[in-house]
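The structure under discussion appears below in the form of structure tokens.
The values are calculated or read from the model by the stated rules, or taken from the named source; none is laboratory data. All values reported here derive from a predicted model rather than from experimental measurement. Here the Cβ positions follow ideal geometry from the backbone for every residue, glycine too, while neighbour counts run over all protein chains shown. Keep in mind that these areas ignore ligands, DNA and RNA; they rest on the heavy atoms of the full protein, side chains included. Shrake-Rupley method; radii C 1.70, N 1.55, O 1.52, S 1.80 Å.
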Amino acid sequence: MPITITAPTEDQLGAIVTGFDVSAATDEEFAAMKKAVYDHRLIVIKDQQDISPSGFVELGRKLGTVVPYYEPMYHHPEEPDIFVSSNVPVDGKRVGVPKTGKFWHADYQFKPEPFAFTIFAPKILPEGNRGTFFIDMARALEKLPAELADAARGTHATHSVRRFFKIRPTDVFRPLGEVVREAEETSPPTTHPTVITHPVTGEEILYISEGFTDSIADADDENLLHDLLEAVGMLDETFTHPNILKHPYVPGEIVIWDNRALCHRALHVTHDGPAASHRLTVLDEHPLSVTD
Ligand code: 7UC
Ligand code: FE
């Protein structure tokens, strides 16, 4: 069965893909899905509940270069390319890391080579309010007052994982200073242009986040980072800012998003019910920005 891609309506996030089967899809279909991610920022592939971990990795490989997370404690036991967010033990053993990504960010924004695509599959959906929040950072830049946008253009932002680096089981009883030093050496702060130009769509994107961006190194105004984060909605603790979109997951979906254009934030429910997801991160054949 060939795939069908339905473009979203104006107020919706994401194109809908139906009829996808990783073992039957043609190169043209993978190319069409990749184009839809660039065109619409996010696609939702329906009815993927039966895909195996290796099939999931295969999907990633068809879109680009799959890169495993740099900290092995997140890896899926059979498929290390898969990042597991989970609070559900398997055979009495911890798998992956619970409560990941609960802060505004783009995946690997703190690394020299952030990903083009994030591929996300909820495995055990929590009860209640669930989903991922997104902000389209190209639209958010367009909506900024011209003065604020101009102040950001031409500057460079420094990003680090410092505030969200997770202590590993192997760190127990180690001196904190040693753990911090090691984390800083593995992932030293990285600088990217504050406004990047998408290599495929040509759009300008405000490339900062509340979770990973530490400073705008060459800003004239020391409040610039704060003012930008506030204006785009990343400081809104009520999540009612008009830029904030929510994707509520339905069982069996796989969601793929453009990790240059969208910032995201996991929405973790407050109770401790079971929750688990699989994620792949993929580079495409382009640099982060054509102005790099
Ligand atoms: O545990 C986490 O929240 C992972 C985060 C620090 N990094 C995800 C990423 O791909 O940048
Ligand atoms: Fe993330």
(message) I want to confirm something. Restricting to the range 248-264 and keeping residues that are touching a Ser or Thr at 6+ places or on another chain (Cβ under 9 Å) and not in a strand (DSSP E or B), which single residue is farthest from ligand 1 (Cβ to nearest atom)?
(response) PRO248
(message) If I ask for residues that are under 20 Å from VAL88 (Cβ atoms), away from ligand 1 (no atom under 16 Å from the Cβ) and charged (D, E, K, R), which ones from the range 270-292 would you list?
(response) ASP272
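In the set LEU245, LEU267, which member is open to solvent by 20 Å² or more (accessible area, probe 1.4 Å), more than 16 Å from ligand 1 (Cβ to nearest atom) and under 18 Å from the mean Cα position of the chain (by Cα)?
LEU245
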(request) Determine which single condition LEU42 fails, assuming it passes every other condition in (1) farther than 22 Å from GLU210 by Cα; (2) more than 15 Å from ligand 1 (Cβ to nearest atom); (3) in contact with a strand residue (DSSP E or B) (Cβ under 7 Å, 6 or more places away or on another chain); (4) not β-branched (Val, Ile, Thr). (result) (1)
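A quick yes/no check of all residues on (1) within 30 Å of PRO122 (Cβ to Cβ); (2) more than 16 Å from ligand 2 (Cβ to nearest atom):
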residue: GLU185; (1), (2): no, yes
residue: THR191; (1), (2): no, yes
residue: GLY202; (1), (2): no, yes
residue: SER209; (1), (2): yes, no
residue: ASP214; (1), (2): no, yes
residue: ALA219; (1), (2): no, yes
residue: VAL232; (1), (2): yes, yes
residue: ASP236; (1), (2): yes, yes
residue: THR240; (1), (2): yes, yes
(message) Can you confirm whether THR132 is within 16 Å of ligand 1 (Cβ to nearest atom) and either among the acidic types (Asp, Glu) or under 18 Å from ALA276 (Cβ atoms) (or both)?
(response) yes
(request) Considering every residue within the range 45-61, establish whether at least one is open to solvent by less than 30 Å² (accessible area, probe 1.4 Å), outside any strand (DSSP E or B) and in contact with a Lys or Arg (Cβ under 8 Å, 6 or more places away or on another chain). (result) no
(message) Take the conditions open to solvent by less than 20 Å² (accessible area, probe 1.4 Å), more than 10 Å from ligand 1 (Cβ to nearest atom) and farther than 21 Å from ASP218 by Cα and apply them to PRO114. Does it pass?
(response) no
(message) I'd like the full set of residues that are open to solvent by 30 Å² or more (accessible area, probe 1.4 Å) and either at positive phi or touching a Pro at 6+ places or on another chain (Cβ under 7 Å) (or both), limited to the range 279-291.
(response) HIS286, PRO287, VAL290, THR291
